[in-house]
Amino acid sequence: MASIKDVAAAAGVSVATVSRVLNDHPSVSADARTRVLAAVETLGYRPNAVARSLRTDQTRTLGLVISDVLNPYFTELARSVEEEARAHGYSVIIGNADERPELQDHHVRTLLDRRIDGLLVSPTDGGSPLMLEAARGGTPMVFVDRWIPGVDVPVVRADGQTAVRDLVAHLYGLGHRRLAIISGPAATTTGSERVRAFGEALAEYGVPLPDAYIGQGDFQAESGRRVTEGFLDLPEPPEVVFAADNLMALGALDAVRARGLRVPDDIALAAFDDIRWFVHTDPPVTAIAQPTGELGRAAVRALIDRIEGRPPQSVTLPARLVVGGGRGRRPRPPPLPDTAKSDVGRPGRMRALKGE
């Protein structure tokens, strides 16, 4: 393997000049830079990253801890983070927390031990002492998608409140009054926020959200299946199930099909986080889409700002409603009078949701 001395000899310059070229120092002449880079290419020289990090106190490496690598949302997020980091000259080490706080802490500890320059995290919960210590101890850090309230760390996230309101308006306009939600863990900001937004949007139309129509999930497909089975066993099942993430929506779809029911003719399904798989359902699932790629890129830029001493900014981007199929939407009716705010408890089979 070629050394830096071999490069210097081949280019006819000093080792110091080679070092300056590799570190993009402006004092090197164009001719010397051209000869050094040609020698690097010819000899296949690769700088020793460990030795360089000891000299510069930088590894040009970012850490990313995501909540679940099997979730297509986080897979796409990780890809955009890696692409943006590479464009800025950084590499990325990814840790998968699998929605488990103890595994999240393991990855955070390992990444800090590897002397990464900065850390991107989508927290699995807000109670990890290690996360709090890292956030408050000076480690350059950015929260992405989820965050820990009260911790002074920039947050890059999507605001889904308007999209949830649009979803409820769409469903209400189609005549639906019995709407249920599969929530994420209450310990996560996204889990609690989406339930609150859904309940507030329903309240605007005078539609209640009974406790029986709130199912506790964990952002995993199995919990979506389990909660949906419980909904279907109710004396008055919901007409619509809104899953607070895409994996729980897939689990809900499994539960509906296992009962021999059809979407949307027997029960409708909607999801937070649009994924490409949803276009392959018949009809496509209505979903709230987040600007995932933009979030990943913005998170990297915020983190690099913090690493390089510039004041980082939190970023909030809008999510949007994607109506599956885009057909059969009926005009929204006027709000129900106070005496007839809900169909909950009324007899009758589940309504069909055409065009959902």
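The values are calculated or read from the model by the stated rules, or taken from the named source; none is laboratory data. Values in this document were obtained by computation on a predicted structure and should not be read as measured data. Please note: Cβ atoms are built from the backbone with ideal geometry, for glycine as well, and neighbour counts cover all protein chains shown. Areas reflect the complete protein model, heavy atoms only, side chains present, ligands, DNA and RNA absent. Shrake-Rupley method; radii C 1.70, N 1.55, O 1.52, S 1.80 Å.
What to note about this one:
- The range 81-126: projected area of the alpha-carbon convex hull, averaged over directions, in nm²: 3.4
- Extended-chain gain in nm, criterion 0.36 nm per residue less alpha-carbon gap, ARG100 and SER3: 30.5 nm
- Site pair LEU130 and ARG310 shows an inter-label distance of 3.2 nm when each label is modelled 7 Å from Cα along Cα→Cβ.
- This model, with +1 at the C-beta of Lys and Arg and -1 at the C-beta of Asp and Glu, gives the range 140-183 a dipole about its Cα centre of some 280 debye.
- A Förster radius of 41 Å combined with the Cβ-Cβ distance from GLU200 to ARG115 puts the calculated FRET efficiency at roughly 0.40.
- Each Lys or Arg adds one and each Asp or Glu takes one away; over the other residues whose Cβ falls under 12 Å from the Cβ of ASP254, this sums to +2.
- Accessible area in the full protein assembly, largest first, 1.4 Å probe, for SER183, SER27: SER27, SER183
- Accessible surface, per residue, of the range 119-191 when the full set of protein chains is kept, probe 1.4 Å, Å²: 27
- For ARG60 and GLN216, a Förster radius of 45 Å and the Cβ-Cβ distance give a FRET efficiency of 0.60, rounded to the nearest 0.05.
- Shape call, the range 68-218: gyration tensor on alpha carbons, a/c limit 1.5: prolate
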